Amino acid sequence: QVRLVESGGGLVQTGGSLRLSCAASGRSFSYNAMGWFRQAPGKEREFLATINWNSSDKYYTDAAKGRFTISRDNAKNAVFLQMNNLNPEDTAVYYCGADGDSVSGYQYWGQGTQVTVSS
């Protein structure tokens, strides 16, 4: 059974930083893209960033660009999201995803970790 287990969420003040982690088990994603998404209350899930298998290609949406950094450690089968200069608009449940076949998009998801940014 494939599982993605997230950690690192919590409560932080405006301008603070958090580092989210996502450890996968059940299969290796060393040759698959992984990414981060978030979902704020009353809103649809929002794509933030993706990273390819060897970290040679990274892509960020405007919401994440310049503040968030995606990285991965294939030896640990894990992906990370460093978030800096957080603001209340970043408050959401953050999810990691993994591409299982490079065709149909992200097939596996973590359970989500809550990030709350206070004023």
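The values are calculated or read from the model by the stated rules, or taken from the named source; none is laboratory data. This structure is a prediction, so every number in the text was calculated from the model and none was measured. Backbone-built Cβ (ideal geometry, glycine too); neighbour counts: all protein chains shown. For the accessible areas, the whole protein counts, side chains as well, though only heavy atoms, and no ligand, DNA or RNA atoms are used. Shrake-Rupley method; radii C 1.70, N 1.55, O 1.52, S 1.80 Å.
Taken over segment 1-41, the residue count meeting the criterion of being open to solvent by 40 Å² or more (accessible area, probe 1.4 Å), farther than 27 Å from SER102 by Cβ and assigned to a loop (DSSP other than H, G, I, E, B) is 4. If you filter segment 94-117 down to residues that are in contact with a Ser or Thr (Cβ under 9 Å, 6 or more places away or on another chain) and open to solvent by less than 40 Å² (accessible area, probe 1.4 Å), you find that the one that is farthest from SER17 (Cα to Cα) is ASP99.
Looking across segment 59-116, the residues that are without any contact (Cβ under 8 Å) to a residue 60 or more places away in the chain and of a type in the set (Phe, Trp, Tyr) come down to TYR59, TYR60, PHE68. As a summary of the residue check, SER55 satisfies the conditions (1) in contact with a strand residue (DSSP E or B) (Cβ under 8 Å, 6 or more places away or on another chain); (2) among the polar types (S, T, N, Q); (3) on the phi < 0 side of the Ramachandran plot except for the one numbered (3).
Among the residues of segment 67-106, those that are modelled with pLDDT under 95 and over 14 Å from the mean Cα position of the chain (by Cα) comprise GLY100, ASP101, SER102, VAL103, SER104, GLY105. Among the conditions (1) open to solvent by less than 40 Å² (accessible area, probe 1.4 Å); (2) within 10 Å of the chain's Cα centre (by Cα), PHE47 misses just one, which is (1).
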